[in-house]
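Following: one structure in structure tokens, then a few remarks.
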Amino acid sequence: MKLFDVYPINPINIVKGVGSLVYDDKGQEYLDLYGGHAVISIGHTNPHYVRRLEDQLHKIGFYSNSIEIPLQTELAEKLGKVSGKDDYQLFLCNSGAEAIENALKLASFYNGKKKTIAFTGAFHGRTSLAVSVTDNPKIVAPINETDNIVRVAWNDEAALEKAFNDNKNQVSSVIIEGIQGVGGIQVASNSILQKIRSLCHTHNAVFIADGVQCGYGRTGKFYSHDFAGVNADIYTMAKGMGNGFPIGAISISPKIQPSYGMLGTTFGGNHLACAAGLAVLEVMEQDNLMQNAATVGAYLIDELKKFKQVNEVRGRGLMIGIDLPAEYAHAKKDLLFKHHIFTGEAKPNVIRLLPALNLTKAHADRFLEAFTKVLSSAPVLSNPL
């Protein structure tokens, strides 16, 4: 049997990681400013994280949700404290896509409606409901197609209000990323988030804040939606939640009441996942990582704005998009293969920075030095004379 070939793979075999550094099987060191799609939140092989998982493995790794798992309660209490949402309820699952599925389903259970408003450029996942609200027809199979999704333009308040008016009493939920990741690090305006809150309240719809990539302290606040000063009804999370261990969750407003069998999962909230989740929150709290993300992120953004070759720098904290002209399309590849720095990308030509929240200023400077060299090299002209 061979692997199903769906990933474009760089010819690099990473075998070791420490903090923001990773090493390949030849001993080459790389600076990791991507964290495997924003997953590494407290650094590779963080000692406290490793001990937490190792200690739990020596006790019990898994049992189902048919018994008491005190670690789940401990995780919920810690998450409520760190996120500032103490009165919310936690449902644990395994991934971001699963969190989105459960959020959309729960919203529909709550108000008995079917339609969801989503935005252009959105990416919410690849499973059935999650991909239906994702704005990428290439990954939507015929079986995923539905008439229940209403797509409106990004940050367009008038279009949002019109969508509610055109679908009277049918809108179950509005789902929005606080910052679009795959969409090119596009920041949701405070006013659009406030408008969503107002319209959802008026029309008994559920405000779903997708924080899978832009949440968990990455922007300097726990959820990037918090900059708008309003509360969503459901927050989705995953990626940085487990620092590499698969875990996802939704945080649910107290107005939404649970019932037995409403949601369910086999692996969600297992002992190891909870140990990983607790370790992440403990390190975030102890090392003040949200403040570090805000400080180092602001430094990086300010320095990147000084490059005359850059079209625009977008983002908050350590979720940064560098919008480059087409002639610098080689930049990401040069950073990786010439300067040994992992970054991400988004179309049309945006470099994404999603490092661990404990990134140091020294590592930020290492990137800036390499980026200077990359942009100083001759640009590739699309129609050379």
Subset of the stretch 148-187 [in a loop (DSSP other than H, G, I, E, B), hydrophobic (A, V, I, L, M, F, W, C) and touching a residue at least 40 places away in the same chain (Cβ under 8 Å)]: VAL182, ILE185
Answer residue from the stretch 299-313, given it is touching a residue at least 40 places away in the same chain (Cβ under 8 Å) and part of a helix (DSSP H, G or I) and is farthest from the chain's Cα centre (by Cα) among those: GLU303
Members of the stretch 370-379 that are in a helix (DSSP H, G or I) and either assigned by TED's automatic domain parsing to the domain that holds GLY217 or over 27 Å from the mean Cα position of the chain (by Cα) (or both): THR372, LYS373, VAL374, LEU375, SER376
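Here's the yes/no breakdown for (1) assigned to a loop (DSSP other than H, G, I, E, B); (2) under 15 Å from MET290 (Cβ atoms):
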{"site": "PHE207", "(1), (2)": "no, no"}
{"site": "ARG218", "(1), (2)": "yes, yes"}
{"site": "ASP226", "(1), (2)": "no, yes"}
{"site": "ASN231", "(1), (2)": "yes, no"}
{"site": "GLY240", "(1), (2)": "no, yes"}
{"site": "GLY244", "(1), (2)": "yes, no"}
{"site": "ILE256", "(1), (2)": "yes, no"}
Evaluation of ALA232 against (1) touching a residue at least 60 places away in the same chain (Cβ under 8 Å); (2) crowded, with 24+ Cβ neighbours inside 10 Å (one fails), failing number: (1)
From the options ALA188, ALA153, ALA118, residue that is in contact with a Phe, Trp or Tyr (Cβ under 9 Å, 6 or more places away or on another chain) and within 18 Å of THR236 (Cβ to Cβ): ALA188
Lone qualifier among SER41, SER108, SER64 - being of a type in the set (S, T, N, Q), in the same structural domain as GLY269 (by TED's automatic domain parsing), in contact (Cβ under 8 Å) with a residue 12 or more places away in the chain and part of a loop (DSSP other than H, G, I, E, B): SER64
Scope the stretch 125-148; condition under 22 Å from ASP166 (Cβ atoms) and either in contact with an Asp or Glu (Cβ under 6 Å, 6 or more places away or on another chain) or not assigned by TED's automatic domain parsing to the domain that holds GLY268 (or both); matching residues: LEU129
The stretch 168-191, residues that are surrounded by 18 or more Cβ atoms within 10 Å (Cβ to Cβ) and either modelled with pLDDT under 95 or under 18 Å from HIS203 (Cβ atoms) (or both): VAL171, SER172, SER173, VAL174, ILE175, ILE176
Conditions (1) over 14 Å from the mean Cα position of the chain (by Cα); (2) within 20 Å of ASN46 (Cβ to Cβ); number of the one not met by PRO246: (1)
Test: residue in the stretch 341-361 that is surrounded by fewer than 18 Cβ atoms within 10 Å (Cβ to Cβ) and more than 24 Å from the chain's Cα centre (by Cα): no
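Residue-by-condition table, conditions (1) more than 28 Å from ARG51 (Cα to Cα); (2) modelled with pLDDT of 95 or more; (3) in contact with a Cys (Cβ under 7 Å, 6 or more places away or on another chain):
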| site | (1), (2), (3) |
| --- | --- |
| ASN292 | no, yes, no |
| ILE301 | yes, yes, no |
| ARG314 | yes, yes, no |
| LEU336 | yes, yes, no |
| HIS339 | yes, yes, no |
| PRO348 | yes, no, no |
| THR360 | no, yes, no |
Qualifying positions in the stretch 10-38 - among the charged types (D, E, K, R) and in a loop (DSSP other than H, G, I, E, B): ASP25, LYS26
Total residues in the stretch 308-328, condition among the hydrophobic types (A, V, I, L, M, F, W, C) and either surrounded by fewer than 16 Cβ atoms within 10 Å (Cβ to Cβ) or not assigned by TED's automatic domain parsing to the domain that holds LEU357 (or both): 1
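The values are calculated or read from the model by the stated rules, or taken from the named source; none is laboratory data. None of the values given here were measured: they were computed from a predicted structure. Every residue, glycine among them, receives a Cβ derived from its backbone with ideal geometry; neighbour counts consider all protein chains shown.
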